[in-house]
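Visitor: Take this structure first; my questions come after.
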Amino acid sequence: MAVPKKRTGHSAQGKRRSNWKATKPTLTTCPNCGQKMLAHTVCTACGQYKGKVVSRKSEGFVDASEVEETKKAPAKKSASKKSTAKKAEKPVEEVKEEVVEEVKAEAEEVKEEAEEKTEE
């Protein structure tokens, strides 16, 4: 392994490092709201990127899971698929409400168990 014969001086070290410069990040203006933002990133003010809504901050945001559900719905109605038993599907909102209620019930049970342990 190579070992330097002499120590590098401060001025030689400084001359070598003279081109190590920090650069300012490139800022652009959002075409939707006019806010300053980093280039090639989502606007933090309005939530859009290249004219498309991609963040929940934006008013027209649609979640990817909602898009998949809407795409699947027409496919199920096609006449080519014959099903003997049709299941009644619940709307997404009802399913979400049921899940929330289950979680709340579990949380209450955990609280009750914790209270019983503290009483003992």
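Visitor: Check Val62 against each of (1) in a loop (DSSP other than H, G, I, E, B); (2) at pLDDT 90 or above; (3) among the β-branched types (Val, Ile, Thr) and name the one condition it does not meet.
Guide: Going through (1) in a loop (DSSP other than H, G, I, E, B); (2) at pLDDT 90 or above; (3) among the β-branched types (Val, Ile, Thr) one by one, Val62 breaks only (2).
Visitor: Would you point out the residue of the stretch 7-55, among those that are loosely packed, with under 10 Cβ neighbours inside 10 Å and at positive phi, that is modelled with the highest pLDDT?
Guide: Among them, the one singled out is His40.
Visitor: For residues that are assigned to a loop (DSSP other than H, G, I, E, B), among the aliphatic types (A, V, I, L, M) and within 42 Å of the chain's Cα centre (by Cα), tally how many sit in the stretch 1-31. Before the answer, list the steps.
Guide: Of the stretch 1-31, the ones assigned to a loop (DSSP other than H, G, I, E, B) are 1-9, 20-26, 30-31.
Then drop every residue that is not among the aliphatic types (A, V, I, L, M), which leaves 1-3, 22.
If we keep only those that are within 42 Å of the chain's Cα centre (by Cα) as well, we get 22.
The qualifying residues number 1.
Visitor: Of all residues in the stretch 32-43, which are among the β-branched types (Val, Ile, Thr) and not in a loop (DSSP other than H, G, I, E, B)? Please lay out each step first, then the result.
Guide: Within the stretch 32-43, the first condition is being among the β-branched types (Val, Ile, Thr), and the residues that meet it are 41-42.
Within the stretch 32-43, no residue meets the criteria.
The values are calculated or read from the model by the stated rules, or taken from the named source; none is laboratory data. What you see is a predicted model, and the numbers here were worked out from it, not measured in a lab. Cβ coordinates were reconstructed from backbone atoms using ideal geometry, including for glycine residues, and neighbour counts include every protein chain displayed.
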